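K.L.:
Please see the structure below; I have some questions.
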Amino acid sequence: MSTFRKLTVCGEDISEFSLYVDGDSSVNSKVPIKTVTLAEKLSALFNEKYIGKALPIAEEMGSGNYIVLSAHSTNANAYSVKIENGNIYITGNYLSITDAFDHFTEKILGDGEERELDLTSEYNYEGSMGFKVPYTAEQLKELFKLSQERGDMIISGTHTWGSWGNGSQVGDTWGHSLKMCGHCAAILELDVGRYSVYAPSHPGVDTLSDFDLSMIVAESAKFINAGGIISVCIHMCNPLMNAEDKVFYRGRLGSNEVADELLTEGTELNGKLYKTLEPTIRLLKAFKENGLPFMFRPLHEVNGDWFWWCINQKQDVYLSRDIIVRFWKLFYKLLTVELGIDNAVWIYSPSSNASDGAYKPSNLYAYPGDEYVDVVGCDWYTGGDYEIEKCSTFENLQSTDKPIALTEFGPGDGSKFAIKNEEGKIVGFDFTGLDFLEILQNLRSRGKKICYFLTWTYARSTATMKESKALLESDIVMNLEDLASYWKKLNG
């Protein structure tokens with residue numbers, strides 16, 4: 001066993017130190033598993049490699065000296081090892097904490113080598129992950145315009161499946177995509193609605209912890225560094241909390257009068273709305289602080305009747321166009337004026353499934369105006385009948401002269417593609433990447449060009465569906481690798 005003859009921190013014997021994990025718990029694990037794992041590994045290293053004694057892991061910091069591991073920074077790049085006030089602090093974000101740990105164990109402690117070492121502030125170190133942002137928000141907007149004009153460089157995208165159950169999972173969706181088909185979509189979309197701090201009564205919904213926020217920011221920065229694009233949507237929690245099925249994004253406002261109160265600054269209901277948006281605000285501020293451009297897709301499928309913010313409130317109650325436009329402008333003011341966020345690309349995305357049918361309002365009914373929107377699109381869940389050609393969806397969108405996207409796409413639950421078990425539960429879809437590619441080619445041949453598509457999550461995702469490799473390798477589709485090459489060529 002190779003150990004130090006003597007290892008101290010500012011003169012204090014390190015064998016008397018304890019380890020402490022600092023940071024909020026994550027939603028899925030209840031403890032920051034990664035940091036705890038590193039603490040356990042460090043304790044074992046002290047026993048096996050450094051001093052012949054395992055350091056205890058304390059549940060709380062009391063008197064005495066500590067080696068503190070913290071992994072909830074929202075700085076996408078920075079990590080550090082610092083000796084302060086007799087303690088050692090190994091800090092970073094969800095990803096960079098590993099680099100901070102490695103620097104401490106490999107660069108500072110090394111192999112022990114039967115030597116004496118006193119750790120003081122001269123060993124302090126600040127490192128960087130080296131993530132860069134290869135494009136600006138303006139270049140992103142120009143890319144969508146170019147893609148729309150050409151029709152043969154449709155940017156691929158998919159929703160991240162972890163958004164509903166266990167954090168951002170940009171990394172998991174990315175990794176699973178590579179494992180399944182060797183490629184990843186160029187756009188990954190997060191959903192932060194489930195983190196609403198105003199949703200305590202809904203099982204499975206929690207607030208956005210510091211640990212999870214760090215994970216989302218770090219994974220997003222890494223994906224953007226690789227050339228990818230991050231989109232953000234919100235299944236917002238209903239401030240009234242009146243959904244009969246207890247699903248946090250359902251329920252009703254019930255009238256234009258209640259909606260007016262919701263949007264009127266200073267009212268109690270307006271305060272509840274801002275309360276439910278706090279996690280989203282924290283995330284978007286962190287994106288801005290790290291210089292990360294992003295797509296923002298609020299009020300999606302507003303022309304339907306299934307979310308509390310939808311125009312059709314049922315029982316013959318419809319929210320007025322003025323109300324919905326005010327709602328959009330509330331978001332716009334919040335981001336651009338109050339938060340100073342100027343690196344967002346704004347996406348207007350009604351549902352094509354609600355067009356020209358029982359829901360009546362056009363998919364442009366709630367369009368807030370050209371100055372508030374960069375890309376228009378529609379959420380289309382197909383039953384296999386090419387529904388988008390049986391309504392005015394595309395023609396309406398084309399009238400805006402904005403780039404057009406399929407902002408959500410997939411086979412519908414009631415479609416011929418649904419695969420059900422004996423109990424009637426959907427267990428998958430008999431819909432492949434080749435089926436989707438045929439749809440994209442048909443749209444193109446009919447003059448209906450789109451700049452990007454975004455498949456939904458789990459079984460509907462490009463990360464999971466069969467033949468997605470053929471889709472992502474198509475000569476009319478841009479995957480992550482293609483987009484990285486585009487940015488490199490554009491910016492050198």
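The values are calculated or read from the model by the stated rules, or taken from the named source; none is laboratory data. Just so you know, these numbers come straight off a predicted model, no measurement behind them. Cβ coordinates were reconstructed from backbone atoms using ideal geometry, including for glycine residues, and neighbour counts include every protein chain displayed.
K.L.:
Select from segment 232-252 the residues that are over 30 Å from GLY157 (Cα atoms) and in contact with a strand residue (DSSP E or B) (Cβ under 6 Å, 6 or more places away or on another chain) and list them in ascending order.
P.N.:
Answer for segment 232-252, where residues must be over 30 Å from GLY157 (Cα atoms) and in contact with a strand residue (DSSP E or B) (Cβ under 6 Å, 6 or more places away or on another chain): just ARG252.
K.L.:
Kindly indicate which of ASN242, ASN256 is over 30 Å from GLU219 (Cα atoms) and modelled with pLDDT of 95 or more.
P.N.:
Answer to the selection: ASN256.
K.L.:
Restricting to segment 433-462, name every residue that is at pLDDT below 95, under 24 Å from the mean Cα position of the chain (by Cα) and small (Gly, Ala, Ser).
P.N.:
ALA459, SER461
K.L.:
So, in segment 463-492, exactly how many residues are at pLDDT below 95 and closer than 20 Å to LEU190 by Cα?
P.N.:
3
K.L.:
For segment 63-81, which positions are under 28 Å from the mean Cα position of the chain (by Cα), outside any strand (DSSP E or B) and modelled with pLDDT of 95 or more?
P.N.:
Across segment 63-81, the qualifying residues are SER73, THR74, ASN75, ALA76, ASN77.
K.L.:
Moving to a separate point now. Name the one entry in GLU60, GLU84, GLU142 that is acidic (Asp, Glu), modelled with pLDDT of 95 or more, surrounded by fewer than 15 Cβ atoms within 10 Å (Cβ to Cβ) and not assigned by TED's automatic domain parsing to the domain that holds SER196.
P.N.:
Criteria check complete, one pass: GLU84.
K.L.:
Still on this structure, please answer the following. State all residues of segment 382-409 that are under 18 Å from SER461 (Cβ atoms) and at pLDDT 95 or above; if no residue qualifies, say none.
P.N.:
The answer is ALA405, LEU406, THR407, GLU408, PHE409.
K.L.:
Still on this structure, I have one more. Please verify whether ASP152 is touching a helix residue (DSSP H, G or I) at 6+ places or on another chain (Cβ under 6 Å), surrounded by fewer than 18 Cβ atoms within 10 Å (Cβ to Cβ) and assigned by TED's automatic domain parsing to the domain that holds ILE347, treating the condition exactly as stated.
P.N.:
no
K.L.:
Then there is this: Name the pairs whose Cβ atoms lie under 7 Å apart, with the first residue in segment 116-134 and closer than 25 Å to VAL9 by Cα, the second part of a loop (DSSP other than H, G, I, E, B), and 6 or more positions between them or separate chains?
P.N.:
As it stands, the answer is GLU116/PHE4; GLU116/ARG5; LEU117/PHE4; ASP118/GLY11; THR120/CYS10; SER128/ASN77, since those pairs meet every condition given.
K.L.:
Next question, about the same structure. With the requirement that a residue be of a type in the set (A, V, I, L, M) and assigned to a strand (DSSP E or B), what does segment 373-401 give you?
P.N.:
Passing the criteria: VAL375, VAL376.
K.L.:
Considering only residues of segment 228-284 that are touching a residue at least 24 places away in the same chain (Cβ under 8 Å) and β-branched (Val, Ile, Thr), which is farthest from ASP316 (Cα to Cα)?
P.N.:
In this case the residue turns out to be ILE229.
K.L.:
Since GLU301 meets every condition but one in (1) among the acidic types (Asp, Glu); (2) touching a Pro at 6+ places or on another chain (Cβ under 7 Å); (3) surrounded by fewer than 19 Cβ atoms within 10 Å (Cβ to Cβ), which condition does it not meet?
P.N.:
(3)
K.L.:
Exactly one condition in (1) under 18 Å from HIS159 (Cβ atoms); (2) among the acidic types (Asp, Glu); (3) exposed (fewer than 15 other Cβ atoms within 10 Å of the Cβ) is not met by ASP385; state its number.
P.N.:
Against the list (1) under 18 Å from HIS159 (Cβ atoms); (2) among the acidic types (Asp, Glu); (3) exposed (fewer than 15 other Cβ atoms within 10 Å of the Cβ), ASP385 comes up short only on (1).
K.L.:
Taking segment 96-127 as the region of interest, how many residues are modelled with pLDDT of 95 or more and not in a strand (DSSP E or B)?
P.N.:
Number of matching residues: 19.
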